[in-house]
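Data block below; observations after.
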Amino acid sequence: MLAIMGGTGLYDLPDLSVVKRIQGDTPFGPPSGDVIQGRFYNHDVLFLARHGAGHRLLPHEVNYRANIYALKAAGATMLLGFSAVGSLALNVKPGDLAMPQQYFDFTRGKRHHTFFGQGVAAHVSTAKPVSAALVDWMSNTAQELGITTHRDLTYACIEGPRLGTQAESHFLRQAGCHLVGMTNVPEVFLAREAQMAYATVGLVTDYDCWLDDPAQHVSVENVFQLYGSTLAKAQQVLQSAMQKPLPGPEPEIRSALKGAILTRDAELTNEQQAWLDTLKR
């Protein structure tokens, strides 16, 4: 089943026919809110607002492990994460959509980056963290609609909540990054640990602050001036894509835990075995 993670401004799905709301805790604490299951055009989907109802959680306050686990426990095998992003490349313009291929982690250790530890040891490959099938599904649909969507980009995830300095923005550009945001790490890596296909749909709102023109620098006010129209484009692409068949499973993602877990089953507690079985589904 496809899950959709709503970012800034996307706190529900218009046209979603709600079947049920899944409430409750996870072994990793509470998720950001209820997981909503419903019918969206031709497919059953799950929806979760990353920042919670009313956008009450800062990026470092989001319980990413609980969010991913709750979606996986509800039946998700694929996840599209919608996010506002700043552009570090002149050709990736505010108002465009962007789907990164790689992620650079510049967070500062405040977030839980893995399901593992505390008696369960594993090392999961994230060399290619994105689902090529999901990216093709969305970006090809955008192309059919004439909506500019960039791909094969690198997303830098910063800690936040403050916006970056110009020195930091230049550093990220020199490091080869094209986009900057605050939420896709550890989300993308936890999705891989849960054997879920993942892709980001980035809504480009600004040029961060690397340009010399202060009028082009990121601010909350500037973000929201453009965000509504960009979100409408992203929703148009999603609605059109949902009228097509979903991408098929990618074996390398659906078997990401095979050979990655070092701890023997005999050493696991019943609780550890239970949540691990959920990740392996």
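Tabulated data for the structure shown
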item	result
Spans of strands (runs of 3 or more DSSP E) in segment 17-125 with at least 3 residues among the aromatic types (F, W, Y) and more than 30 Å from E267 (Cβ to Cβ)	97-106
Any pair with Cβ under 9 angstrom, 6 or more apart, that starts in segment 162-188 at a residue that is without any contact (Cβ under 8 Å) to a residue 40 or more places away in the chain and surrounded by fewer than 24 Cβ atoms within 10 Å (Cβ to Cβ) and ends at one that is of a type in the set (D, E) and not in a helix (DSSP H, G or I)	E168/D208
Condition met for P251 (under 20 Å from I147 (Cβ atoms) and modelled with pLDDT of 95 or more)	no
One residue from A274, A256, A234 being touching a Lys or Arg at 6+ places or on another chain (Cβ under 6 Å) and either outside any helix (DSSP H, G or I) or in contact (Cβ under 8 Å) with a residue 12 or more places away in the chain (or both)	A256
Index of the failed condition, D212 passing every other in (1) outside any helix (DSSP H, G or I); (2) at pLDDT below 95; (3) touching a Gly at 6+ places or on another chain (Cβ under 8 Å)	(3)
Count - residues of segment 1-26 that are among the aliphatic types (A, V, I, L, M) and either free of Cβ contacts under 8 Å to residues at least 40 places away in the same chain or exposed (fewer than 13 other Cβ atoms within 10 Å of the Cβ) (or both)	4
Top-ranked residue of segment 117-143 - restricted to ones that are more than 17 Å from K244 (Cα to Cα) and of a type in the set (S, T, Y), ranked as surrounded by the most Cβ atoms within 10 Å (Cβ to Cβ)	S131
Selection from segment 139-195 of residues that are farther than 30 Å from H123 by Cβ, hydrophobic (A, V, I, L, M, F, W, C) and under 21 Å from the mean Cα position of the chain (by Cα)	A142, I147, L163
Options Q101, Q23: the member that is closer than 27 Å to A142 by Cα and of a type outside the set (S, T, Y)	Q101
Residues within segment 83-95 that are of a type outside the set (A, V, I, L, M) and surrounded by 22 or more Cβ atoms within 10 Å (Cβ to Cβ), tallied	3
Qualifying residue in segment 9-17 (condition: more than 15 Å from the chain's Cα centre (by Cα) and either farther than 30 Å from Q225 by Cβ or among the aromatic types (F, W, Y) (or both))	yes
Residues (among the charged types (D, E, K, R) and in contact with a Leu (Cβ under 7 Å, 6 or more places away or on another chain)) located in segment 41-96	R65, K72
Output for segment 235-268, where each listed residue is hydroxyl-bearing (S, T, Y), over 20 Å from L190 (Cα atoms) and surrounded by fewer than 16 Cβ atoms within 10 Å (Cβ to Cβ)	none
Subset tally (residues that are small (G, A, S) and closer than 30 Å to Q243 by Cβ) for segment 16-36	3
Count - residues of segment 27-74 that are of a type in the set (S, T, N, Q) and either under 14 Å from the mean Cα position of the chain (by Cα) or surrounded by 21 or more Cβ atoms within 10 Å (Cβ to Cβ) (or both)	3
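The values are calculated or read from the model by the stated rules, or taken from the named source; none is laboratory data. The model shown is predicted, which means the values in this text are computed figures rather than measured ones. With ideal geometry, Cβ positions are generated from the backbone for all residues, glycine too; neighbour counts draw on all protein chains shown.
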